[in-house]
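Novice: This is the structure, below, for whatever I ask next.
A short reminder: the numbers here are calculations on the coordinates, not readings from a lab. Keep in mind that what you see is a predicted model, and the values were worked out from it rather than measured. We place every Cβ from the backbone using ideal geometry, glycine too, and count neighbours over all the protein chains shown.
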Amino acid sequence: MDTPILEFVMGELEARKGNWPDIAKEIEPDSWTSYYSWLTKLAQGRIPDPSVNKIQRLADHFRGQQRTAPATERAA
């Protein structure tokens with residue numbers, strides 16, 4: 001069974017703690033500070049019912065990074 005999308009995104013955010021500003025800049029370059037604020041609240045569990053559209057954007061971003069990362073980085 002596949003991991004639920006929100007669980008996947010939350011795990012990826014935890015694994016990338018410290019890189020959230022970069023993630024926000026990659027996803028929303030024109031208004032990254034606003035996106036970073038939302039992303040931080042999400043990662044801290046302060047958004048109990050996040051928009052599926054925003055969660056999907058994060059999931060797509062993380063999955064895209066997994067496909068383009070060298071195998072040695074993915075295995076680490």
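Novice: In nm, to one decimal, how far is the THR3 label point from the LYS41 one, both placed 7 Å along Cα→Cβ?
Specialist: With each label point 7 Å from Cα toward Cβ, the separation is 2.5 nm.
Novice: Let me ask something else about it. What 222 nm value per residue comes from the helices of the chain, counting each DSSP H run with n ≥ 4 as -39,500 (n - 2.57) and dividing by all residues, nearest 500 deg cm²/dmol? Numbers along the way, then the final one.
Specialist: On the way: 5 runs with 53 residues, N = 76.
For the chain, the value works out to -21000 deg cm²/dmol.
Novice: Nothing charged except the Cβ atoms of Lys and Arg (+1) and of Asp and Glu (-1): what's the magnitude of the dipole of the chain about its Cα centre? Round to the nearest 20 debye.
Specialist: On the way: 10 positive and 11 negative charges, 19 e Å.
I would put it at about 80 debye.
Novice: Separate question: Which shape class, rounded, prolate or oblate, goes with the chain when its Cα gyration tensor gives a ≥ b ≥ c as root eigenvalues, a/c under 1.5 marks rounded, and past that a/b bigger than b/c marks prolate? Don't skip to the answer; put the middle values down first.
Specialist: Details: a/c = 1.74, a/b = 1.26, b/c = 1.38.
Taking the square roots of the gyration eigenvalues as a ≥ b ≥ c, the chain is oblate.
Novice: Tell me the label-point distance for the pair GLN65, LYS25, using the 7 Å Cα-to-Cβ offset, in nm and rounded to one decimal.
Specialist: Placing both labels 7 Å beyond Cα along the Cβ direction yields 1.3 nm.
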